[in-house]
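Input: a single structure, listed below in structure tokens.
The values are calculated or read from the model by the stated rules, or taken from the named source; none is laboratory data. Just so it is clear, the model here is predicted, and its values are computed rather than measured. Quick reminder, even Gly has a Cβ in these numbers, built from the backbone with ideal geometry, and neighbours come from all protein chains shown.
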Amino acid sequence: MRTALSCSCSALLGLALASPAPRAAAADAAPVVRVATGSLSGIHDAKAGLDEFKGIPYAAPPVGALRWKPPQPAASWSGVRAADRFGPRCMQRPLYSDMVFRSNGMSEDCLYLNVWTPAKRKAGLPVLVYFYGGSMLAGDGSEPRYDGASLAQRGIVAVTVNYRLDVFGLLALPALTAESPRHASGNYSLLDMTAALRWVRDNIAAFGGDPMQVTIGGESAGSMAVSALMASPLSKGLMQRAIGESGAVLGNLQPMPLAEAQRKGEQFMHRVGAHSLAELRAMPADVLLEALGTSDSGGFDMTIDGDFLPRSPEAIYAAGEQAHIPLLAGSNSQEGYWKSLLDGKAPTPEDYRAAVQRQFGTSADEALRLYPGHSEAEVKASGTGLMGDQFIAFATWRWMDAQRKTGNAPVYYYHFEQPRPAKRDGSAGPDDGAVHSGEIEYALGNLDGNPVYAWTAVDRHVSATMEGYWANFIKTGDPNGDGLPHWPAVTAKDGGLLRQVIGADTHTTVDRNAARYEFLQRFEPDAHL
């Protein structure tokens, strides 16, 4: 019998328990709601017109014997539990300098979520559940760039979710597979997300949300997770729309086969000197983190475990077995950069050709036809395109293309082009293009939450456009609305596919990069996160 993912209350019972509690009369009183496990007291932000609930447990702490187990149900409590601060972030190494946390420390006890909702709300509001990026190694739902207040002011119930990371969220071992009733291991991160979505289904009505209008979204690893959640038989019925910003588990970012993941897990087990699963579970979390080192390479991957992912996402999408829901997905203009390809060399046609030949060997001529470099400007443009495609844009395209072919629902494809402006401290000028993760603050309306950059009137206009698209899609499954440039769903036209360019000049274009991606699919048929 499956544990946390199948033994929660039924949706009907959960909705009954999740009825809104009476609101206090005082304008500044803490809002109180009742969910299936007890009553919660949040924060009322009168200026923003919002109620916020932070650090809500959606599953039991995955500690001790529950380390590397599917998430278990959260315990009930008596009285009113304060939900006025973010819970701890999950165990992680300090790998990425752009992450700013408002969390209450770091702990294995980290399975908490946060809710922003209009204070004067009616029932039946659309819901966004957003999963942070960070290579499945780092990140947290408390990061200001993911704050849900701006979308909540547009009449949306916004939710951010913490999920286990790195070795705590993705370890696969033969011993873990053997003890599992489903004969699977790894993917605890994805099982956490699924448990959170079940919590949302059963409890979001308490916050004014409609459990049948749930959009899941995420960036980078969070976007990859969205594509996996759409594919999994355990989760695909828990959402009605999906947003993916730069990332998917198709193309060159497919999950690892279970046997390979188990070998990787055994190598880690030997590295830390554990002789049994019991010994590994008894080790302090800090010791496990230290053994992982300081590089983001060599981390653990999502796994084709036979349970959450019964087979490869490529096969699931090809067969049309994924969630048949509207999808909004795309990537940025500078996901990679030409300098990483040339490794310090000048952007000359000669140096570019040599770099492409080193990478593609006998396929170099075909690569150069698709990514030409006959001038310095062309070298910079093609080199940046190639690096971004190989990193994450190709996988995102593959997801978009598969969903439009077999998903039986509209797909909206974007290309984000707005470079971030100069830093306020003068240490760096504007970016050349839209870098990886650079769209998050624009899409979620959180430019003011990032004081590093000197945001301009153009940036604010782009953010209003992009957040408007996102909000409309969350509400209706269609990004179009009053005051926004028209965004057509993906259809074939003039030898390419319609795609929305989002930036200072937002407009529709015809994307003709399919030949590039088909080449990469042949040359790099399989890689991992």
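Structure above, values below:
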item: Filter pass, E260 being surrounded by fewer than 24 Cβ atoms within 10 Å (Cβ to Cβ) and outside the structural domain of A434 (by TED's automatic domain parsing); result: yes
item: Residue within segment 212-222 that is farther than 23 Å from I440 by Cα and in contact (Cβ under 8 Å) with a residue 24 or more places away in the chain present; result: yes
item: Condition met for T509 (β-branched (V, I, T), in contact with a Lys or Arg (Cβ under 6 Å, 6 or more places away or on another chain), surrounded by fewer than 21 Cβ atoms within 10 Å (Cβ to Cβ) and over 29 Å from W116 (Cα atoms)); result: yes
item: Close pairs from segment 177-198: first farther than 16 Å from L229 by Cα, partner assigned to a loop (DSSP other than H, G, I, E, B) and of a type in the set (S, T, N, Q), Cβ under 8 Å, at least 6 apart; result: T177/S185
item: Single unsatisfied condition, E467 versus (1) in contact with a strand residue (DSSP E or B) (Cβ under 9 Å, 6 or more places away or on another chain); (2) outside any loop (DSSP other than H, G, I, E, B); result: (1)
item: E417 vs. criteria charged (D, E, K, R), under 22 Å from the mean Cα position of the chain (by Cα), surrounded by 24 or more Cβ atoms within 10 Å (Cβ to Cβ) and in the same structural domain as W487 (by TED's automatic domain parsing); result: no
item: Residue match in segment 140-147 (condition: touching a Gly at 6+ places or on another chain (Cβ under 7 Å), over 17 Å from I474 (Cα atoms) and not in a helix (DSSP H, G or I)); result: no
item: Lone unmet requirement of (1) more than 17 Å from T160 (Cα to Cα); (2) surrounded by fewer than 24 Cβ atoms within 10 Å (Cβ to Cβ) for Q213; result: (1)
item: Number of positions in segment 470-503 that are farther than 23 Å from A149 by Cβ and assigned to a strand (DSSP E or B); result: 8
item: Test: residue in segment 163-174 that is outside any strand (DSSP E or B), of a type in the set (D, E) and on the phi > 0 side of the Ramachandran plot; result: yes
item: Qualifying residue in segment 281-288 (condition: part of a loop (DSSP other than H, G, I, E, B), buried (at least 22 other Cβ atoms within 10 Å of the Cβ) and either acidic (D, E) or outside the structural domain of A364 (by TED's automatic domain parsing) (or both)); result: no
item: Condition check for L66: in contact (Cβ under 8 Å) with a residue 60 or more places away in the chain and either crowded, with 16+ Cβ neighbours inside 10 Å or outside the structural domain of L277 (by TED's automatic domain parsing) (or both); result: no
item: Total residues in segment 60-85, condition within 23 Å of the chain's Cα centre (by Cα) and among the polar types (S, T, N, Q); result: 1
item: Looking only at segment 401-411, and only at residues there that are part of a helix (DSSP H, G or I) and among the polar types (S, T, N, Q), the one that is nearest to A221 (Cα to Cα); result: Q403
item: Every residue from segment 116-154 that is under 14 Å from I440 (Cβ atoms) and either among the aromatic types (F, W, Y) or assigned by TED's automatic domain parsing to the domain that holds W470 (or both); result: Y130, F131, Y132, Y146
